[in-house]
Amino acid sequence: MSTLLAILAIAILLICLLWILVPAVYGLPPLSAGSNRIRAALTMAELQPGETLVDLGSGHGGVLVIAACEFGANAVGIEAGPVQNLISRVNAFRKGVGSSVRIETGDFFQADLSRAHVVYAYLTSRYAKRLGEKLARELPSQARVVTVGFELIGWEPVSFDREHLIRLYRK
Ligand SMILES: C[S@@+](CC[C@H](N)C(=O)[O-])C[C@H]1O[C@@H](n2cnc3c(N)ncnc32)[C@H](O)[C@@H]1O
C-alpha cells in the first residue's frame, strides 16, 4: 500500500514539474490573455466559420475553445507543455468541440503554418523578429495575424486596439 502511495506521489510530482518547467524552459508562463481579450482579438481578425486558427503557444486551450465554440473555426494549438496540452484536450471535449480542436506538442518554430487563415500569438517581444520572419515566409496571402501585448518586427499593423494591446496584421 505504501509503495503504491509513493508511486502515486512521484507521478503527481513529475506531472507538476512538467506542468511548470516546460513553459519555464521556453521562457513564458502559460497565462491566458483572458476571455474578453481573446474574443476581441478573434473578432478583430474576422475569424470565419470553417477557417483554420492557429494559436502559437496555446497554453491551457482558452483560445482554441473560444475559436471553435463561438466562431466555428478549426482550431489548432501548438504548445511545448504536454500537461497544458492534456488540459486543453479535456477542456475542448468538455465544451463539446473536441473534433474541431487539434493540439500539437512541440516548438511552434518547427511547425508548418502554411494552412493557417488566422494566427493568434500572446507572447513577448523576445519572439518578435524570428516569428515575424517565419510568418512572412510561410503564411498564405491574405492570412491575418493577431498579436496580444507585443509587436511583430518587419510587419505593419493594419489596426491596433489600444485598450487590449492587440495588433492585427494582414499578409
Ligand atoms: C502567455 S501563454 C499564452 C497562452 C494562450 N495562447 C492564451 O492566450 O491563452 C504562452 C505559451 O506559449 C508556450 N510557448 C512559448 N514558446 C513556445 C514555443 N517556442 N513553442 C511552443 N510553445 C511555446 C508557453 O509554454 C506558454 O504556455
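With contacts taken as Cα pairs under 8 Å and at least 6 residues apart, segment 2-170 reaches a relative contact order of 19 percent. Packing, taken as the mean count of other beta carbons within 10 Å per residue, orders the peptides 85-92, 153-160 from highest to lowest as 85-92, 153-160.
Mind checking the log10 I(q)/I(0) for the chain at q = 0.18, 0.19 Å⁻¹? Debye, one equal scatterer per Cα, no solvent, two decimals. Listed by q, the Debye log ratios stand at -1.10, -1.23. With both labels modelled 7 Å from their Cα along Cα-to-Cβ, the PHE160 to CYS16 distance reads 4.3 nm.
Taking 0.36 nm per residue of sequence separation and removing the Cα-Cα distance, the THR105/LEU28 pair yields an extension gain of 26.2 nm.
Sorting the segments 49-61, 13-25 by their mean number of nearby beta carbons within 10 angstrom, highest to lowest, gives 49-61, 13-25.
Just so you know, all these numbers are worked out from the coordinates, no wet-lab data involved. Only a predicted model underlies this, so the values are computations on that prediction, with no experimental measurement involved. Note that each Cβ is placed from the backbone with ideal geometry, even for glycine, and that neighbours are counted across all protein chains shown.
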